[in-house]
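The values are calculated or read from the model by the stated rules, or taken from the named source; none is laboratory data. Here the structure is a predicted model, which is why all the values come from computation and not from measurement. Don't worry about glycine lacking a Cβ; one is built from the backbone with ideal geometry, like all the others, and counts go over all protein chains shown.
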């Protein structure tokens, strides 16, 4: 049995049994390297374990949530406000359904579950991490930077790029040709930029430009979502006004109905009095 098969068993089991089951699996491994890898598997947090269970027990619900995320990213890219508005409602409904389907967890864990699924809706790497079923901790997305899932899943995700630190280039010294200036010279040394420093500066510029592009895209997406929410609020206010008008009409009709009821009761009382008087006159006529 390989590492992935062992992980599948461990992350499918109850979190309370994780450590015992992991140590037992490691002791059964014939290969020392495999045993070491098994022991390195981390116990999932309560929220991560709940989401792993959702992936296995309610795959259709999780697939629906992640599908909404794919469609929302397409809608934001196309600036399709009608689709954004509709999908925003679908997203909230599905997230609430997912959170409600998890039993016996604290409100804090519920929030982490919702934040993780929300991150999966926004970010493709987070979606792949959730779909794997090997989450070890909750995820969170700012909507600006990519979600770093490298420390959030037990096993590497196939096809998902992970942020890596750029290697630090060693500074060169003592190059041939006497490139260094003499420290005894009265002429101030002019700063020089090595090829490694230039590459590092260009890398920082590219990183900053990408972050700027993501920030602009996120701001535009939030503007679109705000417009969609404003439209939704306007629709709800119009619906509320219509309901208020219907309530006023109903109250007027209710007042009229109460008045008609009182008039009918009064006329019935008069009719019953007239009936008794007529019966009395009839008896008197028969007896005379």
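Things worth noting here:
- Here residue 51 fits the description: surrounded by 13 or more Cβ atoms within 10 Å (Cβ to Cβ) and in contact (Cβ under 8 Å) with a residue 60 or more places away in the chain.
- Residue in the range 30-42 that is over 30 Å from residue 219 (Cα atoms), touching a strand residue (DSSP E or B) at 6+ places or on another chain (Cβ under 8 Å), buried (at least 16 other Cβ atoms within 10 Å of the Cβ) and in contact (Cβ under 8 Å) with a residue 40 or more places away in the chain present: no
- Some residue of the range 152-159 being at pLDDT 90 or above, exposed (fewer than 13 other Cβ atoms within 10 Å of the Cβ) and either touching a helix residue (DSSP H, G or I) at 6+ places or on another chain (Cβ under 6 Å) or not in a loop (DSSP other than H, G, I, E, B) (or both): no
- Among the residues of the range 227-266, the ones that are free of Cβ contacts under 8 Å to residues at least 12 places away in the same chain and within 25 Å of residue 75 (Cα to Cα) come to 5 in all.
- Tally of residues being free of Cβ contacts under 8 Å to residues at least 24 places away in the same chain and touching a helix residue (DSSP H, G or I) at 6+ places or on another chain (Cβ under 7 Å) across the range 91-109: 1
- Residue under evaluation residue 25, criteria (1) assigned to a helix (DSSP H, G or I); (2) touching a helix residue (DSSP H, G or I) at 6+ places or on another chain (Cβ under 6 Å); (3) surrounded by fewer than 21 Cβ atoms within 10 Å (Cβ to Cβ), criterion not met: (3)
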